[in-house]
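For reference, the structure is listed below as structure tokens.
Since every read-out is calculated from the coordinates, none of them should be taken as a lab result. For clarity, every value in this text was computed on a predicted model and none was experimentally measured. Quick reminder, even Gly has a Cβ in these numbers, built from the backbone with ideal geometry, and neighbours come from all protein chains shown.
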Amino acid sequence: MPPGDASVRQLAFDFAANITDGVSLWREQRQEALRRLGIELGFPVGANCEIELKSGLVLRGRLFLREEDFFPVARRDSAMLRIDDVDFSIAEIASCIRID
């Protein structure tokens, strides 16, 4: 077959061309999934909050799910949250106030 035959063209993947778009899209989708999970759990994930733990410790800052998996799946009884460097379970929370 001649080298220019269209039926034998080799496909080429240009991975470098759209790498930032793909990574950015993945990050946006992951953040949205984490936000929805926070809503399902009943907490304002991503917002500034004041959390009082049953131990009496009061934490102020941006609330995050402590989910480090690529595909976050958490249930209310097993979800871990985080403010700054402090991780805690939902069961440890006495109160949660969103600070706008």
- prompt: Based on the mean of other beta carbon atoms within 10 Å per residue, what is the order of 85-92, 26-33, 57-64, most packed first?
  reply: 57-64, 85-92, 26-33
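Sum up the charges of everything whose Cβ sits under 15 Å from the Cβ of S24, counting Lys and Arg as +1 and Asp and Glu as -1, but leave S24 out. Spell out each step's value before the answer.
Values: positive: R27, R30; negative: D21, E28, E32.
Once all neighbours under 15 Å are counted, the net charge is -1.
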Gain on full stretching of the segment that runs from V86 to R60 - 0.36 nm per residue minus C-alpha separation: 8.3 nm
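Quick one: if the Förster radius is 41 Å, what FRET efficiency do L53 and W26 give, using the C-beta to C-beta distance and rounding to 0.05? Don't skip to the answer; put the middle values down first.
Values: r = 33 Å, r/R0 = 0.80.
It comes to 0.80.
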